[in-house]
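Asks: Please find one structure pasted underneath; my questions will follow.
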Amino acid sequence: MIVHTCKPHRILSPFVEYFWYMENQNITCQNERTLPDGSVDLIIDLNAEKVHMATALNETLRLNNVFVCGPHSSHFVIYNSLETRVIGVHFKPGGAYPFLGYPLDQLHNAIQSMDAIWGHLAKNLREDLLELPTVEQMFHVLTDRLLQLAVKPLDIHPAVQFAIEHLGKNSTRTDHVRHVVDQIGISHRRFIELFKRETGYTPKRYSRIRRFQEVLRKMNERQTMIDWTDIAFNCGYYDQSHFIKDFCSFSGLNPTDYETIPGRHYNHVQL
């Protein structure tokens with residue numbers, strides 16, 4: 001497996017976590033479950049003409065080869081092929097909104113072909129990438145194209161940015177959403193509208209997903225037998241039952257059945 005990542009240009013750094021490229025020759029076409037993390041990915045398949053995926057409800061999706069995985073609060077399934085060659089943009093939470101141009105809550109738990117959003121420019125982007133000899137040049141073109149397609153002005157609403165930062169750092173607190181609303185200086189209703197528009201989530205759901213991600217991080221850092229009670233307590237769950245319910249809701253798995261794909265991010269789980 002060949003994996004490259006690249007940090008974005010400073011202009012894009014408030015919006016993009018990293019650019020990524022993956023190339024793999026699979027011995028078997030083993031499918032994978034992808035878990036929600038509060039963000040959005042733009043993905044360009046450089047091999048296939050059509051891409052097949054499935055929702056958490058086993059609804060099969062047939063997509064064009066340039067598509068966006070919207071903000072999810074449930075898992076989805078990637079149907080892998082024998083040869084994989086893909087490139088993508090992993091946006092920060094709230095970072096995709098300026099480049100898609102319409103409310104992110106319309107993409108909640110959805111995967112959408114980008115020709116429905118960017119029209120022929122999505123196909124043109126892929127064709128341009130296919131002509132380039134190096135991954136570094138591809139990342140450069142992705143940077144330029146995102147800047148060209150961005151909705152102006154290129155920014156995130158200050159209240160949303162403040163909430164994302166606060167909820168990400170305090171995902172184990174039980175009163176954090178109310179605490180954010182108390183500090184932003186706008187009405188609760190307006191704040192919810194803005195947050196859903198730019199992230200795709202309600203603040204409470206986003207906070208739960210960030211807490212779920214903290215659980216996955218702790219599970220993957222452990223070198224010894226996992227103490228589930230300890231993880232539940234340290235991540236702010238009321239009890240172990242509450243922890244298991246949340247874990248199953250987001251992943252479709254019991255915690256004991258969670259097993260990552262070697263060499264991949266811990267959000268990718270073997271089926």
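Asks: Kindly provide the pair-distance distribution of the chain built from C-alpha pairs, with 10 Å bins from 0 and whole-percent values in order of increasing distance.
Replies: Answer for the chain: a P(r) of 6, 28, 35, 23, 7, 0 percent.
Asks: While we're on this one: Could you pull out the longest piece of the chain with no exposed loop GluC sites (Glu not before Pro) in it, calling a site exposed if DSSP puts it outside H, G, I, E, B and it has at most 12 other Cβ atoms within 10 Å? Display every interim value, and only then the final one.
Replies: Working: sites that count: Glu49, Glu59, Glu131, Glu259.
Free of exposed loop sites, the longest segment is 132-258.
Asks: Starting at the first residue of the stretch 200-209, write each ³J(HN,Hα) from the Karplus equation 6.51 cos²θ - 1.76 cosθ + 1.60 with θ = phi - 60°, in whole Hz, x for Gly and Pro.
Replies: With coefficients 6.51, -1.76 and 1.60, one gets x, 10, 6, x, 5, 5, 4, 4, 5, 5 Hz.
Asks: Give the relative contact order (percent, whole number) for the stretch 23-110; include only Cα pairs under 8 Å separated by 6+ residues.
Replies: 40 percent.
Asks: Sequence-distant or interchain residues sharing an amide H contact under 5 Å with Lys92, placed H: which?
Replies: Counting only residues 5 or more places away or on other chains, the set is Val16, Glu17.
Asks: Further question: Can you tell me the dipole magnitude for the stretch 100-252 around its Cα centre, using point charges on the Cβ only (Lys, Arg +1; Asp, Glu -1), in Debye to the nearest 20?
Replies: Result for the stretch 100-252 is approximately 560 debye, rounded to the nearest 20.
Asks: Give the residue from Met53, Asn267, Val180 lying farthest towards the positive end of the charge dipole for the chain; charges sit on Cβ (+1 for Lys and Arg, -1 for Asp and Glu) and the dipole is referred to the Cα centre.
Replies: So the residue furthest toward the plus end is Val180.
Asks: Using only the Cα atoms of the stretch 190-239, each taken as one equal point scatterer with no solvent, compute I(q) by the Debye sum, divide by I(0), and report log10 of the ratio at q = 0.13, 0.14, 0.19, 0.21 Å⁻¹.
Replies: After summing over all Cα pairs, the log10 values are -0.41, -0.46, -0.67, -0.74.
Asks: Using the charge dipole of the stretch 158-258 (Lys, Arg: +1 at Cβ; Asp, Glu: -1 at Cβ; taken about the Cα centre), state which of Gln240, Phe250, Ala159 has its Cα farthest towards the positive end.
Replies: So the residue furthest toward the plus end is Ala159.
Asks: Next question. Please give the charge dipole size of the chain, origin at the Cα centre, charges +1 on K and R Cβ atoms and -1 on D and E Cβ atoms. Round to the nearest 20 debye.
Replies: So the dipole magnitude of the chain works out to roughly 720 debye.
Asks: Something else now. Kindly state, as a whole number, the per residue volume in cubic angstrom of the convex hull around the alpha carbon atoms of the stretch 158-258.
Replies: 97
Asks: Please go through the stretch 182-271 and write out the trypsin sites (Lys or Arg not before Pro) that DSSP classes as loop and that have at most 14 other C-beta atoms within 10 Å. Working shown, then result.
Replies: Values: sites: Arg189, Arg190, Lys196, Arg197, Lys204, Arg205, Arg208, Arg210, Arg211, Arg217, Lys218, Arg222, Lys245, Arg264; in loops: Arg222, Arg264.
Hits after loop and neighbour filter: Arg222.
Asks: Same structure, new question: For the chain, set up a GNM with springs between Cα atoms under 10 Å and report which of Asp227, Asp41, Asp144 has the largest fluctuation.
Replies: So, out of Asp227, Asp41, Asp144, the one fluctuating most is Asp227.
Asks: Oh, and also: Which of these, Val135, Val160, Val77, has the largest mean-square fluctuation under a Gaussian network model of the chain (Cα springs below 10 Å)?
Replies: Result for the chain, Cα springs under 10 Å: Val135 fluctuates most.
Asks: Determine the alpha carbon to alpha carbon distance for each of Lys196/Lys245; Lys50/Lys204; Lys152/Lys204; Lys7/Lys152 and list only those over 31 Å. List each step's numbers first, then the result.
Replies: Values: Lys196/Lys245 24 Å; Lys50/Lys204 35 Å; Lys152/Lys204 29 Å; Lys7/Lys152 22 Å.
In this structure, Lys50/Lys204 exceed 31 Å between Cα atoms.
Asks: Check cross-link reach from Lys123 to the aspartates and glutamates: straight Cα distance under 19 Å, and skip same-chain residues fewer than eight apart.
Replies: Here the aspartates and glutamates satisfying the reach criterion relative to Lys123 are Asp41, Asp45, Glu49, Asp115, Glu131, Asp144.
Asks: If you don't mind, there's one more thing I want to ask. Among Val77, Leu147, Asn31, whose Cα lies farthest out toward the positive end of the dipole of the stretch 2-149, if unit charges sit on the beta carbon of Lys, Arg (+1) and Asp, Glu (-1)?
Replies: Leu147
Asks: Taking R0 as 41 Å, what FRET efficiency do you get between Thr256 and Leu121 from their Cβ-Cβ distance, rounded to the nearest 0.05?
Replies: Rounded to the nearest 0.05, the efficiency is 0.35.
Asks: Next up: Rank His72, His157, His52 by mean-square fluctuation in a GNM of the chain with C-alpha springs under 10 angstrom and give only the top-ranked residue.
Replies: With Cα springs under 10 Å in the chain, the top fluctuation among His72, His157, His52 is at His157.
Asks: Counting only helical runs of four or more DSSP H residues, what would the 222 nm mean residue ellipticity of the chain come to if each run contributes -39,500 (n - 2.57) and the total is spread over all its residues?
Replies: -11500 deg cm²/dmol
Asks: May I pose another question? Quick one: Cα centre-to-centre distance for the stretch 216-271 and the stretch 71-145, in angstrom?
Replies: 28
Since every read-out is calculated from the coordinates, none of them should be taken as a lab result. Just so we're clear, the structure is a prediction, and the values are computed from it rather than from any experiment. With ideal geometry, Cβ positions are generated from the backbone for all residues, glycine too; neighbour counts draw on all protein chains shown.
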